[in-house]
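All remarks here apply to the structure that follows.
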Amino acid sequence: MHQSLLIYSKFRYFKFSVLLIVSAIIAYAIVDPVDGHNGGTWLGYTLGGVSAFLILLLMWFGIRKRSYKSSVGKVEGWLSAHVYLGLSLIILATLHAGFEISWNLHTLAYFLMLIVILSGIFGVYAYLRYPHLMTENRRGRTMGGMLTEMAELDRECRETASQLSDEINRAILDCIENTRIGGSVWRQLAGKDPKCATLDAYTRVKKYSDELSLEHSDEERRLLTLLSNKLELVQRARRDVQFKAMMDIWLYFHVPLSFALLAALIAHVVAVFFYW
Amino acid sequence: MQSKVSFLTRKSRGGVTRKEQLVSGESIRLGRSTDNEVHLSDFRVSLSHAAIHDRNGRYYVEAESGSDIRINTKIAQSGRLATGDRIGVGPYDVEIICAEEGQQLEFTIELVRELGDDLAKLQSRSNTSLTTTGLSKRRWSWLLFIVVTGLFLALPISAFYNKEVRDLFIDAPVTADIAWKSGEFAAAHRFFADDCQACHQKAFETVRDKACVTCHTNTHPHADPKFFELAKLNETRCATCHKEHNGRNALIRRDEALCGDCHTNLTDTVPTELENARDFGNKHANFNATIYQFDKNTKAFVTKRVALTDNPEEISGLTFPHDKHMNPDGLKAPDLPWDKKQMRCNDCHTPEPSGVGMQPINMERDCIACHSLAFEEGRTVPHGKLELVLSSLTDYYGNKALAGGVPDPNAPRIVRNRRRPGQKMTKQERKAAYQWAQEQALTIAEDLFEGRVCSQCHTVTQLRTDYPPKWEIAPVNIIDSWLPKASFTHKKHETMVCTDCHDAKKSEDSTDVLIPDIDNCRQCHGGTEKIANKLESTCVDCHGFHIAEDFLLGDRKGMDIDMDISGTAARMEK
C-alpha cells in the first residue's frame, strides 16, 4: 500500500529526529563551556560529528536510491529518514555553531546546508502537492497522448481550412508550425507561452471570418471549435509541464549545492584541525 | 486550351508512379480550391495560386492573388514558359515537358517538399522536461565542488606550505586562508593576526607555548621551579586558559576547574604550605594574614603567615588603639576647641591614587594635627631621627641663653640678665650658658621621649641619661598588605563602609590584624555557583596565575623547546 514518506513506518524517523533534537537542546542548555558555546567544545565536536555524519548519510541517499539491488532498508524508508534527519540538521548544526555567524568558510558551510535543506523542504512540498494536481490536470492522459491529440487536431484544422481563405490557411499554418509546449526553463516553470501560436491563430481566424461575414460558414465554425479545443489542450499540456518542472527544478539546486556543501564541509573539518 | 498533366509520386522503395490527366479550360489554373483545373491539395498552396495562359500559341505563367511562384529557382510573378522550365508552386514542382508554340502544353507535377509528420515536428519543437533544457545537475555539482574545494581547501593549504603562493597575496586585502578564520582576534593580537602561522606553526597541531613566548618573554610562569615542579602542569598550555578568536576582549577562562583541577587536592600531590581550594563559596580555607614579627635576636622584621583564626598578633613597633580614636563620644581636637571631634577613617587613612590600597600612615600628615610635637608655645621638634630632636632643642635653648633675659629663677645670671648689643661674654659665662641650654634640652627631651609625646605611640627606652642622652625607639614596620597573594582592591568596594569589613571600633591594640575573615567576604561573594544576591567570584578574580617571582617564560628562549613551557619543558630542565 502506498504510504506517504512523511508517515512512513508510523513516523519512525520523525520520532528519531525529534529525539535527536531534544537531546541536543537539553545538552546545549545544561553544558556551560568556559568560552561560550562554539564548535570547539566537547559538545560542539559531538554535535558537529553527528551533523557531519548525517550530511554524509543524507547524501548517500542519492546513491542508495539508484542501487536497486541494495537491500539496506527500503528506499521509502531512506527517503523518510532523509527528510526528517535533514530537517533535524537545522537545529543540530545551529547548536554546533553556537549561533556564531561570521564571514568565513564555516558559516559558508552552514548557509550552504541551510539552502540545501530549504530546497529540500520545497521538494517535499512539491512531492506532496503536484502529483495530485498533475493527475487532476491530465485527466487520464499522458504528455505523449496530449501531443498526439494536438497533431490530430492540426490535421483536422488543415483539412477543414483547405477550402477557406489564404489568410485563414496561413493562420492555421502558423498555428501548426509554431505551437510549442514547454521550452526554456522559465517557459516550463511559467506554464504559459506569451506568444502562443494557437491562441494567435484562433484570434486571427476569428477576425478573418468576421471580416468576411458575421455568419460563419460551417467550415469556419468547425475550425474555430477545433482551434479552441487545441487551445484548451495546449494550456493543459503547458500546466502539466509546469507541474513537472516544479517537481524537478528544486533538485537542480538541491543536488549541486549538496556537493558544494560536501566540499565546504570537508574544507571546514580540515581547516578546524589544520589550525587546531 | 487543353493540357496534359502528369502527377508524379515517388515511392519510398524507389520508382515513380505517374497519374496522367487531360485538363482543359480558358486557362489552366493551379490552386488549393477544387474549382481549379489543377487541384493541389497541400494547404501551403493558395486557393488560386497560379494560372497558365495560352496567348497565340505561346504559354505564359502568372502568379495569382499575391502568391509567389518560382521560375527556375527565381521568385517571380509571371513569365513565358519554355520546355524544360521548372516552376515552383508552393511545395510542388511543375516541370514543363512541352511548351512549344502551337503544340499542346504538357507538364508534370510532383510534391517535392512533403509536409512531414505533424506529431514528430510538434514533439521536436516542444521541450517538456527540464532535463533537455541544458540544465545539468552533474555539471553544476562538479563545478561547485571543485570551486569550493579549490578556494577553501587547496588554496589555504598550498599557501601554508608554499611561500610563493603566500606571496601572491602580499598586496591583496585578504590572505589565502582568510576564510578559515574562526572568530575575532583579541585586540592585542590584531596587528599580526592575519598571519595565521604566527601562532599556528605546525599543521594539525594545537598552538604551542613557544608561539606565545615569541613575544611574551617577560611573563612569569605559574610557579618557581625551586618550589614547584612545573612538569606537574604538563598538559597545561597557554591556550588552555587563554582562548583566542573570541572577540576583542581576549577571553581568559574563569571556571572553577581552571585552578581546581590541581588545587582541589593539591596537598596530596605536592608538598606545600597551601591549603586545598576549589570554590570560593564553599571550598576555600580561611585567610592567612601575612604579618611582620620582630626577631629580637637578629633585630630584624620577618614575615610570617598566620591564620586569622589563630588571632595573629602583629608586632609593628607602634602603640595605636583604634578604639580610642574612634570613640563614639568624640575626641578633643585642636580645630574644635569648644567641641569634641568624631573621627572618621579617612581622617588618617588616604587611599593610594590607584585605589587599590591605602597610603602608608605619615605622622606629619596624618597624626600631627592632634599629636603635636610642641615643647614650648609655638615650638615643635621634627618627627624623625632622635639626634635631630636633641640638636634642635639644644640649638633652641643655646640661642635663648646667648640672647639672655630668660625669666627662669634657676638659670645662671648671664642667662637671666639682658645684655646690651655688642657686650661680650666671658669664657665662664659662655660655659654656664651652654650648660644651662644642655640641661634645658635634656629636660625637655626626657619629657618628650618618655613623658607626654613620643612614648604615646612608640616604645622608648633610655640607654644613657647624661648628656648627650641616648634613647632607643623600637623600629616601626607596618605591612603593606596582609593578603599579598590576593589582589584585593579598595576601589571596587567604595560602596561599602570601612567598618563593614574592618572592625576597628573594637580594636584596643595595634597588634590586632584588622582584616575580615572569609565569612565576611562571603556575605557578598559566592563561588562559581550561581547563588541569588551573591557575586559570582572565581579564583582569578583575586588570585593571579603568573606568579613565579624569579623566573620568566622568556628565560627559556634559545633552548630547544618542543614542548610546552609552562609544563613539560620544565622536565627537560631537570
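The values are calculated or read from the model by the stated rules, or taken from the named source; none is laboratory data. The shown structure was predicted, so the numbers you read here are calculated from the model rather than taken from an experiment. Cβ: placed from backbone, ideal geometry, glycine included. Neighbour counts: every protein chain shown. Remember, those area values only see protein heavy atoms, side chains included, never the ligands or the DNA or RNA. Shrake-Rupley method; radii C 1.70, N 1.55, O 1.52, S 1.80 Å.
Brief remarks follow.
- Those strands (runs of 3 or more DSSP E) of region B:261-347 in which at least 1 residues are closer than 17 Å to B:Asp512 by Cα, considering only elements entirely within it, cover B:288-295, B:300-307.
- Criterion: in contact with a strand residue (DSSP E or B) (Cβ under 8 Å, 6 or more places away or on another chain) and either farther than 29 Å from B:Val213 by Cα or of a type in the set (Asp, Glu) (or both) - qualifying residue of B:Ser507, B:Ser537: B:Ser537
- Take the conditions (1) of a type in the set (A, V, I, L, M); (2) open to solvent by less than 50 Å² (accessible area, probe 1.4 Å); (3) facing chain A (nearest Cβ under 7 Å); B:Ala172 misses just one of them, which is (3).
- Enumerated helices (runs of 4 or more DSSP H) restricted to region B:145-260, each holding at least 3 residues that are over 22 Å from A:Glu100 (Cα atoms): B:155-161, B:163-167, B:209-213
- Boolean, B:Glu446 is part of a helix (DSSP H, G or I) and open to solvent by 70 Å² or more (accessible area, probe 1.4 Å): no
- Flag if B:Gln103 is assigned by TED's automatic domain parsing to the domain that holds B:Arg70 and open to solvent by 50 Å² or more (accessible area, probe 1.4 Å): yes
- Tally, over region B:99-140, of residues that are facing another protein chain (nearest Cβ under 10 Å), in a loop (DSSP other than H, G, I, E, B) and either under 30 Å from A:Leu251 (Cβ atoms) or touching a Phe, Trp or Tyr at 6+ places or on another chain (Cβ under 9 Å) (or both): 8
- Any chance B:Arg86 is at pLDDT 90 or above and more than 60 Å from the chain's Cα centre (by Cα): yes
- For region B:7-65, the strands (runs of 3 or more DSSP E) that sit wholly inside it and include 3 or more residues that are open to solvent by less than 50 Å² (accessible area, probe 1.4 Å) are B:28-31, B:50-55, B:58-63.
- Check on B:Arg70, open to solvent by 70 Å² or more (accessible area, probe 1.4 Å), under 14 Å from B:Leu40 (Cβ atoms) and modelled with pLDDT under 90: no
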